[in-house]
Amino acid sequence: MALLQEKESLCRQLGNPHGLAGSMANQALVLADQGKRHEARAKAEAALALAQQHGLALAERIARFSILYQ
C-alpha cells in the first residue's frame with residue numbers, strides 16, 4: 001500500500017492522470033481486501049471521476065469494481 005501511495009503522490013506532482021487514476025484504483029482494491037469498504041469506495045469513486053474527466057479507457061475497468069455498488 002505504501003508504494004501505491006507513493007505512486008499517487010508522484011503522479012500528482014508530475015500531472016499524470018492515468019498513473020494517478022490507476023494508483024487510486026489499485027489502492028481501492030487493497031482497501032477492499034482489508035475490509036475497509038468505506039475507504040475503498042471513496043478511493044474508487046475518486047479514481048473513476050478522474051479517469052472519466054480525462055477520457056481514460058481505464059474508467060471502464062474502474063466502473064466495474066464491485067465495491068462501487070455495495
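The values are calculated or read from the model by the stated rules, or taken from the named source; none is laboratory data. No experiment lies behind these values; they were computed from the predicted model shown. Calculation scope for accessible area: heavy atoms of the full protein, side chains included, ligands and nucleic acids excluded. Shrake-Rupley method; radii C 1.70, N 1.55, O 1.52, S 1.80 Å.
Per-structure values
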read-out	value
Per residue accessible area in Å² of the chain, where ligands, DNA and RNA are left out and the probe is 1.4 Å	62
Derived scalar couplings ³J(HN,Hα) [the stretch 8-25; Karplus, 6.51 cos²θ - 1.76 cosθ + 1.60; whole Hz; x for Gly, Pro]	4, 4, 5, 5, 5, 5, 8, x, 9, x, 5, x, 5, 4, x, 5, 5, 5
Whole-number D in µm²/s for the chain (Stokes-Einstein; Kirkwood sum over Cα pairs; 37 °C, 0.692 mPa s)	281
The chain - percent of accessible surface contributed by carbon and sulfur, probe 1.4 Å	52
